[in-house]
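The values are calculated or read from the model by the stated rules, or taken from the named source; none is laboratory data. Keep in mind that what you see is a predicted model, and the values were worked out from it rather than measured. Please note: Cβ atoms are built from the backbone with ideal geometry, for glycine as well, and neighbour counts cover all protein chains shown. Ligands, DNA and RNA are excluded from the accessible area calculation, which covers all protein heavy atoms including side chains. Shrake-Rupley method; radii C 1.70, N 1.55, O 1.52, S 1.80 Å.
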Protein chains: 2
Amino acid sequence: MKKNLRISDTEWELMRVVWAQSPATAAEIIAMLTARDPTWHPKTARTLLARLVGKKALGYQPQGRAYAYTPLVSEADCVAAASESFVERVFGGSLRPMLVHLVEQQKLTPQELDELRALLAKKSPAAPKPPRKRPAP
Amino acid sequence: MKKNLRISDTEWELMRVVWAQSPATAAEIIAMLTARDPTWHPKTARTLLARLVGKKALGYQPQGRAYAYTPLVSEADCVAAASESFVERVFGGSLRPMLVHLVEQQKLTPQELDELRALLAKKSPAAPKPPRKRPAP
DNA sequence: ACGGATAGACCACAAACGTAGTCATGCGGA
DNA sequence: TCCGCATGACTACGTTTGTGGTCTATCCGT
């Protein structure tokens, strides 16, 4: 609900690991972070955890002598908010040019392209003027 | 080439109007900005223009007693960079979930969906296992 | 029981951001 | 010619972000 929630670039990485596995203690989170990116400094991570708690993006319960953190905001909500603000900023709110750009510029594997096609096929069962259509087997 | 170029949220709005119409004087840019968003303060816009010049994102030539600004970086490059950093941040670098999200969550008109489908069809002329295919009429 | 490793609390600090004000100056109209 | 207004130059300032350090209580092993 709260869109006043502003998650910065670096904070996103924290959130993603917590979303992936929660609850998680700071040590666990730091371990997961440094696993994929050794440049993470533990202190930095802890500061960010504290900030995310301050922002009400994370909550925590004491677990032993440490804290176990849990997300207070859903990943889906944040992804949606971030996506919206991104298209707004970069593409002026117009989604189509963005998709065109992504499909054109980024490299998608043929497999991913197929998945996308399938997705689109499902998405609009009745296109305005489909060249042809056939009932599913 | 320079990826050290960091364009902030607000700066993007400036850049987009300059990309849309360049060269443009500060007054023109401000006019275009306030046209779509009256909350823009002229002074703020001027500060951002100066910052963008400092960042080498914009250049300028004296035009009369004012400056005419022109982009020094292409919109395509910036869009690509922003897109990449966005997927990286929000989707952990994985493009497919992002497209899925966008197609699923955002509202695309049926027409846009068709365009996308067409785009995808062109993109991979030879799909691994097309259910069927038929030559165009 | 004691000393070192640890967790969280609190602090620091520069750079970037968002937002806007002041200053000096030159052009253009009265 | 003189004034004011628009313009760029410079300044201000609180907030956010990225990056880490210090301090203190504590738990665990020896």
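Which residue of chain B is nearest the rotation axis onto chain A, counting by its Cβ, and what is the distance in whole Å?
In residue-and-Å form, the answer is B:86, 3.
If amide H atoms are built 1.01 Å from N in the plane of the peptide, which residues on other chains or at least 5 residues away come under 5 Å of the amide H of residue B:68?
Sorted by chain and number, the residues that satisfy this are B:61, B:63.
Note down the magnitude of the dipole of chain B about its Cα centre, charges +1 on Lys and Arg C-beta and -1 on Asp and Glu C-beta and zero elsewhere, to the nearest 20 debye.
Roughly 440 debye for chain B.
Suppose the Debye formula is applied to equal point scatterers at every Cα of chain A; what is log10 I(q)/I(0) at q = 0.09, 0.20 Å⁻¹?
Cα-only, vacuum Debye calculation for chain A: -0.43, -1.17.
Bin by bin, in steps of 5 Å, what percent of the Cα pairs in segment B:36-117 do you find, going until the bin that has the longest distance?
Going from the shortest bin to the longest, the percentages are 3, 11, 12, 14, 16, 13, 12, 11, 5, 2, 0.
Please list A:108-121, B:78-91 highest first by mean number of surrounding beta-carbon atoms within 10 Å per residue.
Ranked by mean Cβ neighbours within 10 Å, highest first: B:78-91, A:108-121.
Which number gives the lysine pairs in chain B that have C-alpha atoms under 14 Å apart and are eight or more places apart or on different chains?
Lysine pairs satisfying the spacing and distance rule in chain B number 5.
Give me the distance between the Cα centres of segment B:1-70 and segment A:1-56, rounded to whole Å.
Answer, in whole Å: 34.
Report, in cubic angstrom per residue, the convex hull volume of the C-alpha atoms of the protein assembly as shown.
198
Peptide A:87-97: average number of partner chain Cβ atoms within 10 Å per residue?
Neighbouring Cβ atoms belonging to other protein chains average 5 per residue here.
Against the longest alpha carbon principal axis of chain A, how many degrees, from 0 to 90 and to the nearest 10, is the axis of helix A:42-54 turned?
With rounding to tens, the tilt is 70 degrees.
Tell me the total accessible area that B and A bury against each other, 1.4 angstrom probe, in square angstrom rounded to 100.
4400
If one takes the longest principal axis of the Cα atoms in chain A, at what angle in degrees, from 0 to 90 and to the nearest 10, does the Cα axis of helix A:9-20 lie?
Roughly 90 degrees between the two axes.
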